[in-house]
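Written below as structure tokens is the structure these notes are about.
Just so it is clear, none of the values below were taken in a lab; they were calculated from the coordinates. Keep in mind that this is a model prediction, so the values were computed, not measured. Counting neighbours? That spans all protein chains shown, and the Cβs are built from the backbone with ideal geometry, glycine included.
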Amino acid sequence: MNSQIRVYYPYVSPFDPCPPIREKAYMVPPQLFITFQPPGLPQFSPYEALKYGTLWPALFSPYEPKMSERRPHHE
């Protein structure tokens with residue numbers, strides 16, 4: 001179970017006036033799966049490390065916002 005995405009099913013009240021959200025998901029940081037830094041861990045090139053924000057591919061976690069979660073910018 002090393003997937004970075006976890007899913008849970010919140011309680012849905014019969015009296016809730018809003019439409020229920022039956023399934024919710026969240027990301028778990030990848031550093032929780034590595035208890036110590038093993039020797040010889042693969043590394044990104046310097047360019048890729050700056051691009052991805054980490055030197056080690058095992059600690060990379062992509063961020064992909066959902067379109068439905070974006071809010072319009074109001075001024």
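Which one is surrounded by the most Cβ atoms within 10 Å (Cβ to Cβ) among residues in the range 5-30 that are aromatic (Phe, Trp, Tyr) and over 16 Å from the mean Cα position of the chain (by Cα)? Ranking the qualifying residues of the range 5-30, first place goes to 9. Among residues belonging to the range 32-55 that are among the small types (Gly, Ala, Ser) and within 27 Å of residue 6 (Cα to Cα), point out the one that is surrounded by the most Cβ atoms within 10 Å (Cβ to Cβ). Across the range 32-55, the extreme among qualifying residues is 49.
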